[in-house]
Structures are given as C-alpha cells and as structure tokens.
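I have placed the structure first, in the form of structure tokens, so that the comments after it can refer back to it.
Just so it is clear, none of the values below were taken in a lab; they were calculated from the coordinates. Model, not experiment: these values are computed from the prediction. Virtual Cβ from ideal backbone geometry, glycine too; neighbours counted across all protein chains shown.
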Amino acid sequence: MGKDFAFKTVTSSIAYPIFNTLLLKQDVFIDVDPLVASIYTGVLLGFGVGIVFRTGASIGGMDIPPLILNKYTHIPLHTLVLLVDAITVGAGFIVFGIEKVLVGLISVYISAVVIDKTMLIGGQQSKAIYIISEHYEKIMEEIHDKLERGSTILTATGGYTKQERPVIYVVISQKQYPELNRLIVHIDPQAFVVVSDATEVHGLGFTYDD
C-alpha cells in the first residue's frame, strides 16, 4: 500500500487507542434503545472511517483488509468494508447471540453507506447521459450553444436492426438536467435517453474553467 499509507496507519494505530482510552475514562452514560444506538454508531463510525480513507490511511484494524482487496479487485471500498465487518459481527453469534448480531449488522450496513457518501464529499454531482435520436445534430448544437457543454459522438449498432446509428454522450451538472430534458423533448419527443449519476468528474467545465 506504500510508505505514506504505512506511516499514516502507524500514526492512526497509536492515536486511535489513546483517544479511545481517554474518552472511555469519562463517566458518561446514555440510556437509549439498542437499535437507536446502532444507527447513530453506524453514522458516526462511517463518517470517521470515511475521513480516514479520504486521507489515504486506515485506523489500523479490520479496515486494512478491505483497502488491500480494493487495490487488487477494484470492488467498491464501502462494499468490501460491509462484507468484512458483516463477517466479523456475524462471528460474534456464538458469544453474543442472534439478537445482538442482527442489531450489529444494522450498524455495519449504515456505516458502509456513510463511508461511501463521506468519500464522495466535494465530488462534482453530475449526470452522464446517452441520447439516441434521428435529430442528433440539432440536439448537439443546442447542447453546445445553450448548455455550453461539449459532447461526444459514439457509434452504436442496433441489436435488432443491425443498423449503425450515432449516440450522443454528454456529461452535465445536475442542475442542468431539467433544461437538457426540455431541450430534447422539444426537438425529438421520441428520443431514447439513458441517464446515470456521475459522482465525480474532472476536467474543463467541472474541476477547472476555461
């Protein structure tokens, strides 16, 4: 994982138990429902671990296996964290019983979701859109002129018709999507449009201006 990761992880491995011990010495008791506790624990833990992951480090525990697996398999990190933590919590069935394991799995799931969201903080929320239309040239012109976005023409072959046809590929900011949708419907109501979220975009018009 590299020397920088190793240094940060060693630092975290020392700092984490020290702060954990100091905080546990505080005489604070909050009587809440175990389900509520598991939800808030998942949120707080996920946010904390997500911040650590964003710096390219770990807390020196069971978050290291997911990081290593992510490097070689490219499976989303939060998915691997969920898998590893679920196995760890599930193994506690023998000692703690099924009810506490089920409550723990709720916390694990929420933690994995929050880790994913935390790592995306600051990312450009955008839409990646594919447009298939007989009037693709007119739609492209409107995208360039009114939305001031670039576009790419992809060549696709229909699976049924076996005919080649152009496909417009464009990435726009989330707030521009309603305008693009109106633009497409006005030009070609029969256009086939596929929209997906692009959680991080780098380049002209997104991470830097012309």
Quiz item: With (1) surrounded by 14 or more Cβ atoms within 10 Å (Cβ to Cβ); (2) outside any helix (DSSP H, G or I); (3) not charged (D, E, K, R) as the list, and residue 51 as the residue in question, which single condition is left unmet?
Solution: (2)
Quiz item: Is region 96-115 home to any residue that is in a strand (DSSP E or B), over 22 Å from the mean Cα position of the chain (by Cα) and either buried (at least 18 other Cβ atoms within 10 Å of the Cβ) or not small (Gly, Ala, Ser) (or both)?
Solution: no
Quiz prompt | Tally of residues being under 18 Å from the mean Cα position of the chain (by Cα), of a type in the set (A, V, I, L, M) and surrounded by 16 or more Cβ atoms within 10 Å (Cβ to Cβ) across region 60-83 | solution = 7
Quiz prompt | Options 97, 42, 90, 48: the member that is within 21 Å of residue 20 (Cβ to Cβ) and free of Cβ contacts under 8 Å to residues at least 40 places away in the same chain | solution = 48
